[in-house]
Amino acid sequence: MRVSESLVIGADPAAVWKIGGDTANIADWVPAIEKSHQVGDLRYATFAGGGGDATERIVEHDDAARSYVYEYVSGPLALRVYRSRFTVADHADGAEVVWEADFEAEAAEEEPALADAIRGIYRSALQSLSERVGS
């Protein structure tokens with residue numbers, strides 16, 4: 001299943017990427033994550049509200065293209081496959097941030113609910129990123 005969320009932020013794309021492209025510190029702007037850190041290519045994130053710990057692998061990181069890709073390694077979500085791309089692109093009104101994922105749940109009937117949850121996480125995070133860049 002594929003999910004995608006995007007938001008145009010009225011700020012310089014480099015300023016947006018400086019925050020959004022910092023893969024180790026996503027807890028600074030993703031409300032669903034209460035803490036995060038990175039060791040090598042592995043990112044460790046703790047979901048807010050006792051949601052558990054996740055490990056993700058950063059598989060691509062391109063500062064020039066302002067884009068990175070990560071995969072879910074382990075955690076509380078019942079995912080067989082999860083690969084996500086976060087990109088900050090130039091836009092006439094500033095920067096367009098696109099966050100998308102392709103995933104497979106362990107049980108196909110769980111995919112619609114997981115897609116809704118992932119979309120919600122992405123939407124709230126993009127709004128938070130916009131507010132953070134603006135401050």
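Out of curiosity, is Ser74 out of contact with any His (no Cβ under 8 Å at 6 or more places or on another chain), farther than 16 Å from Val3 by Cα and surrounded by 19 or more Cβ atoms within 10 Å (Cβ to Cβ)? So Ser74 does not fit the description; no. Residues in the range 53-71 that are of a type in the set (Gly, Ala, Ser) and either surrounded by fewer than 16 Cβ atoms within 10 Å (Cβ to Cβ) or assigned to a loop (DSSP other than H, G, I, E, B) (or both): Ala64, Ala65. Could you check the range 10-25 and list, in sequence order, the residues that are in contact with a strand residue (DSSP E or B) (Cβ under 7 Å, 6 or more places away or on another chain), over 12 Å from Ala95 (Cα atoms) and either in contact (Cβ under 8 Å) with a residue 40 or more places away in the chain or assigned to a strand (DSSP E or B) (or both)? Once the filter is applied, which keeps residues that are in contact with a strand residue (DSSP E or B) (Cβ under 7 Å, 6 or more places away or on another chain), over 12 Å from Ala95 (Cα atoms) and either in contact (Cβ under 8 Å) with a residue 40 or more places away in the chain or assigned to a strand (DSSP E or B) (or both), the range 10-25 yields Gly21, Thr23. For the range 117-135, the set of residues classified as assigned to a helix (DSSP H, G or I), modelled with pLDDT under 95 and exposed (fewer than 13 other Cβ atoms within 10 Å of the Cβ) consists of Gly134 only.
Those residues that are under 21 Å from Lys18 (Cβ atoms) and in contact (Cβ under 8 Å) with a residue 24 or more places away in the chain, I need them from the range 101-135; list them, please. Please lay out each step first, then the result.
Looking only at the range 101-135, we keep the residues that are under 21 Å from Lys18 (Cβ atoms), and these are 122, 124-135.
Residues satisfying the conditions are Tyr122, Ser124, Ala125, Leu126, Gln127, Ser128, Leu129, Ser130, Arg132, Val133, Gly134.
Tell me yes or no: at least one residue of the range 82-96 is over 22 Å from Pro31 (Cβ atoms), touching a residue at least 40 places away in the same chain (Cβ under 8 Å), under 16 Å from the mean Cα position of the chain (by Cα) and part of a strand (DSSP E or B). Looking through the range 82-96, at least one residue is over 22 Å from Pro31 (Cβ atoms), touching a residue at least 40 places away in the same chain (Cβ under 8 Å), under 16 Å from the mean Cα position of the chain (by Cα) and part of a strand (DSSP E or B). Give me a count of the residues in the range 25-47 that are of a type in the set (A, V, I, L, M), surrounded by 13 or more Cβ atoms within 10 Å (Cβ to Cβ) and farther than 16 Å from Tyr82 by Cβ. Here the count works out to 1. If you go through the range 26-52 and keep only what is outside any helix (DSSP H, G or I) and either in contact (Cβ under 8 Å) with a residue 40 or more places away in the chain or of a type in the set (A, V, I, L, M) (or both), you end up with Trp29, Val30, Pro31, Ala32, Ile33, Val39, Leu42, Ala45.
The values are calculated or read from the model by the stated rules, or taken from the named source; none is laboratory data. What you see is a predicted model; the values in this text were computed from it and never measured. Glycine gets a Cβ as well: all are built from the backbone with ideal geometry, and neighbour counts include every protein chain shown.
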